[in-house]
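The values are calculated or read from the model by the stated rules, or taken from the named source; none is laboratory data. Bear in mind that the values here come from a model prediction, so they are computed numbers and not experimental data. Here the Cβ positions follow ideal geometry from the backbone for every residue, glycine too, while neighbour counts run over all protein chains shown.
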Amino acid sequence: MSQEPDISMDTAGLYREENITDRRVGNIRCLTPININGEVDESRAILYLGQTQMMTNMGPMPLSFEIEADSLEQAVANFGDGAKQAIERTIEEAKELQRQQASQIVMPGEVPGGKIQIP
C-alpha cells in the first residue's frame, strides 16, 4: 500500500507575489504574507527574492537569492550585494563539483562525465 504525498496548500503560509523589474539587471519578487481571506498578515514579514542571470561559457545561468530588507527601497539597494554573493556561491559550488569529478576513479570501459569549466 503506497502512501500518497500531501499536496494540500499550507493556509498559514500563504503569500501574494508581486514582481518588480528595472528591465536591465533583474527582478525582485516581493512576497507579501496573507491570510486565507486574502488580507495582509501583519504578523509576518514581506520576503524579497532577487533574480538575475550570470553569463557562462555555456550561456546564461539563472540565479535566485534572498535579499535581506525591510522595504522595497532597501531591497533595491541591497540587490547588487545579494547578486554578488549568489555569483560567488555558484562559482564555489561549480569549483567543488569540478574537484569531485576530477577525483573520481574511472574504471576501464566507463566514460567519465563532462567537467564544468570556470574561466
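For segment 36-70, how many residues are among the polar types (S, T, N, Q), under 29 Å from MET9 (Cα atoms) and either touching a His at 6+ places or on another chain (Cβ under 9 Å) or in contact (Cβ under 8 Å) with a residue 24 or more places away in the chain (or both)? Talk me through it step by step, then tell me what you get.
Of the residues in segment 36-70, the ones among the polar types (S, T, N, Q) are 37, 43, 51-53, 56-57, 64.
When the remaining residues are screened for being under 29 Å from MET9 (Cα atoms), the result is 37, 43, 51-52, 64.
Cutting the leftovers down to either touching a His at 6+ places or on another chain (Cβ under 9 Å) or in contact (Cβ under 8 Å) with a residue 24 or more places away in the chain (or both) gives us 51-52.
Of the residues in segment 36-70, 2 are among the polar types (S, T, N, Q), under 29 Å from MET9 (Cα atoms) and either touching a His at 6+ places or on another chain (Cβ under 9 Å) or in contact (Cβ under 8 Å) with a residue 24 or more places away in the chain (or both).
GLY113 passes all but one of (1) closer than 23 Å to GLN53 by Cβ; (2) of a type in the set (Gly, Ala, Ser); (3) modelled with pLDDT under 95; (4) touching a helix residue (DSSP H, G or I) at 6+ places or on another chain (Cβ under 8 Å); which number fails?
Just one mismatch for GLY113, condition (1).
Among the residues of segment 24-39, are any loosely packed, with under 10 Cβ neighbours inside 10 Å and within 30 Å of ILE91 (Cβ to Cβ)?
There is at least one residue in segment 24-39 that is loosely packed, with under 10 Cβ neighbours inside 10 Å and within 30 Å of ILE91 (Cβ to Cβ).
If a residue must be over 24 Å from the mean Cα position of the chain (by Cα), among the polar types (S, T, N, Q) and modelled with pLDDT under 95, how many such residues does segment 1-41 contain?
Counting residues in segment 1-41 that are over 24 Å from the mean Cα position of the chain (by Cα), among the polar types (S, T, N, Q) and modelled with pLDDT under 95 gives 2.
What's the total number of residues in segment 66-85 that are within 17 Å of THR21 (Cα to Cα), part of a helix (DSSP H, G or I) and of a type in the set (D, E, K, R)? Steps first, answer last, please.
Step one: of segment 66-85, the residues within 17 Å of THR21 (Cα to Cα) are 66-67, 69, 71-83.
Going one step further and asking which of them are part of a helix (DSSP H, G or I), we end up with 72-83.
From what is left, the residues that are of a type in the set (D, E, K, R) are 73, 81.
Result for segment 66-85: 2.
In segment 42-65, what count of residues is obtained for those that are modelled with pLDDT of 95 or more, surrounded by fewer than 16 Cβ atoms within 10 Å (Cβ to Cβ) and in a loop (DSSP other than H, G, I, E, B)?
3
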